[in-house]
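Remarks on the structure that follows.
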Amino acid sequence: MALNALETLKTLVRFPSVSTDPTRKAALLDTKDFLVDTLAGMGFATETLETQGHPIVLAERKVAETAPTVVIYGHYDVQPEDPVQLWESAPFEPTVKGDRIYGRGAADNKGPVAVLLAAVSHLLEQQPSLPLNLTFLLEGEEEIGSPSFKPVLDRLKHRLRGDFLLACDTGSQKNDQIVVTAGLRGITCLEFKVKGARKDLHSGIYGGAVLNPIKALMDICHSLHNADGTVNVPGFYDDVLPVQQWERDELEKLGLDLDAFQDFLGVPGFFEQAGLSPLEATRYAPTLEYNGVWGGYQGEGSKTVIPCEASVKISCRLVARQDPDKIQDLVIQAIRERCPKGVSLEIKKDHNGAAYLVVPPGKPNTATDLNPVLARAFHLTDALSAECFGKPAVFMREGGSIPIIHDIKEILGLDSLLIGLYLPEDGYHAPNESFSLEMMEKGQQMIERLLAGLCESE
Ligand code: BES
Ligand code: ZN
């Protein structure tokens, strides 16, 4: 019997595979075991690739040297369920309500992984001798920046071949049109602490004599943006690939309405960025964001204190051609140069990942060496978006990051076809994450027809 996507997803959601949480290590291993068993049951040769962190599942179906080879990527780890009190159903108890299934990871990325597994299972049941080589690569550390994946890619480099990588870990805007993600943003993360006195001080006795670390931290942070919303770090924009006209045209095709976008977010207004609309800024511009800031008294009422330290976490989203290591160093240099006298700094680098770019066939600057099987897959996806969902696909860069997609291109030489099955209302990373049953069903149909289509002569 072919795998059922919804049942598979329910099983996956029950594993609390939160990669960042060391107490959930066993759940990650259980998820990995379930995937290995499932793929073995589908006739794949499976292997568990051990890493410094959570293991990677490798499963292969090799039929013929001359057949096309698709490598399917997904991740079985999820974000933490916090804030848990805001969930309306238990985060790790899959709950179907209306036309959605709720649970942590129901969308990102267990839903699409279940869809891909079910599509392959159903297709192979119908056509057991389908002339298509398939490799699944499923990792457990995507949500923490895939720290263990690169060394594994180096190890696999000589034996893992393929025409392209297929992943469904990105979004579409509506259920009637697939967005094919033509690029992902990169990322660099860091954290810094500003330190003042040996210990917290009475603000009456010492206030006026010493620089408050919170003020120093706010001054440094304030200096990191210009009044027009751009990032004020010398060299930050030097290598940025500007938005192309065809990319603006594709975005237009979505017919998105700014008021509706504002309403959806619930913000009273947008943060204007020079030269770019809010919809363009999320896809085509780099950013510098504060992810957390703390220091001083946070309790009820007031406390007259000059805290001895204050901290902030920063991440920058990067676009194609920006080097994450270089940007991280530039931001750190700016912070150091702008740190006032009277306080000291401690800076900690966190993870980095490069942006990814693949220009679809027929657009200006399409790579001349774009793999022909991938070019065909792009065309098929375009047509299948119309047939299975309603309208032809749009091809756009996206704001989110999956850093390993760039590394796979660099190390294995594979470009990616990224088919968006998430919708904005899925709320991935947030409480009450959900996945649309309609997107699951149509998505499965589309993947089956795409894989089958790759084996037909044109
Ligand atoms: N699936 C997302 C990335 C995504 C979502 C890309 C929607 C495009 C559209 C992925 O699981 C994710 O959240 N990635 C992290 C990566 C980071 C931890 C290195 C991200 O973007 O924050
Ligand atoms: Zn995610």
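In table form, for the structure just shown:
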item	result
Long-range neighbours under 7 Å by Cβ, at least six apart or interchain, first residue touching a residue at least 24 places away in the same chain (Cβ under 8 Å) within the range 396-421, second within 9 Å of ligand 1 (Cβ to nearest atom) and in a loop (DSSP other than H, G, I, E, B)	Gly399/Arg185; Gly400/Arg185; Ser401/Arg185; Pro403/Gly145; Pro403/Ser146; Ile404/Ser146
Set Thr48, Thr20: member being within 16 Å of ligand 1 (Cβ to nearest atom) and within 24 Å of the chain's Cα centre (by Cα)	Thr20
Whichever residue in the range 58-91 is open to solvent by 20 Å² or more (accessible area, probe 1.4 Å) and within 16 Å of ligand 2 (Cβ to nearest atom) and, among such residues, is farthest from Val18 (Cα to Cα)	Asp82
Test: residue in the range 345-367 that is surrounded by 15 or more Cβ atoms within 10 Å (Cβ to Cβ), part of a helix (DSSP H, G or I) and not charged (D, E, K, R)	no
Close pairs from the range 72-86: first farther than 19 Å from Lys25 by Cα, partner part of a helix (DSSP H, G or I) and hydrophobic (A, V, I, L, M, F, W, C), Cβ under 8 Å, at least 6 apart	Ile72/Leu116; Ile72/Val120; Tyr73/Ile404; Tyr73/Ile405; Tyr73/Ile408
Residue within the range 110-121 that is more than 21 Å from the chain's Cα centre (by Cα), more than 16 Å from ligand 2 (Cβ to nearest atom) and open to solvent by 10 Å² or more (accessible area, probe 1.4 Å) present	yes
Complete set of residues in the range 243-298 that are of a type in the set (Asp, Glu), closer than 23 Å to Gly183 by Cα and open to solvent by 40 Å² or more (accessible area, probe 1.4 Å)	Asp249, Glu252, Asp257, Glu272, Glu289
Pairs, first among the aromatic types (Phe, Trp, Tyr) in the range 1-25, second open to solvent by 20 Å² or more (accessible area, probe 1.4 Å) and modelled with pLDDT under 95, C-beta under 9 Å, six or more apart	none
The range 420-439, subset part of a helix (DSSP H, G or I) and away from ligand 1 (no atom under 16 Å from the Cβ), residue least open to solvent (accessible area, probe 1.4 Å)	Leu437
Of all residues making up the range 368-385, the number that are acidic (Asp, Glu) and either part of a helix (DSSP H, G or I) or on the phi > 0 side of the Ramachandran plot (or both)	1
Qualifying positions in the range 382-397 - closer than 28 Å to Pro242 by Cα and in contact with a helix residue (DSSP H, G or I) (Cβ under 6 Å, 6 or more places away or on another chain)	Pro392, Ala393, Val394, Phe395, Met396, Arg397
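This table checks each residue for (1) within 16 Å of ligand 2 (Cβ to nearest atom); (2) hydroxyl-bearing (Ser, Thr, Tyr); (3) open to solvent by 10 Å² or more (accessible area, probe 1.4 Å).
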residue: Ala393; (1), (2), (3): no, no, no
residue: Gly399; (1), (2), (3): yes, no, yes
residue: Leu418; (1), (2), (3): yes, no, no
residue: Gln444; (1), (2), (3): no, no, yes
residue: Ala452; (1), (2), (3): no, no, yes
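The values are calculated or read from the model by the stated rules, or taken from the named source; none is laboratory data. Because the structure is predicted, anything quoted here is derived from the model rather than measured. Virtual Cβ from ideal backbone geometry, glycine too; neighbours counted across all protein chains shown. Ligands, DNA and RNA are stripped out before the accessible areas are found, and what is left, the full protein with its side chains, is counted by its heavy atoms. Shrake-Rupley method; radii C 1.70, N 1.55, O 1.52, S 1.80 Å.
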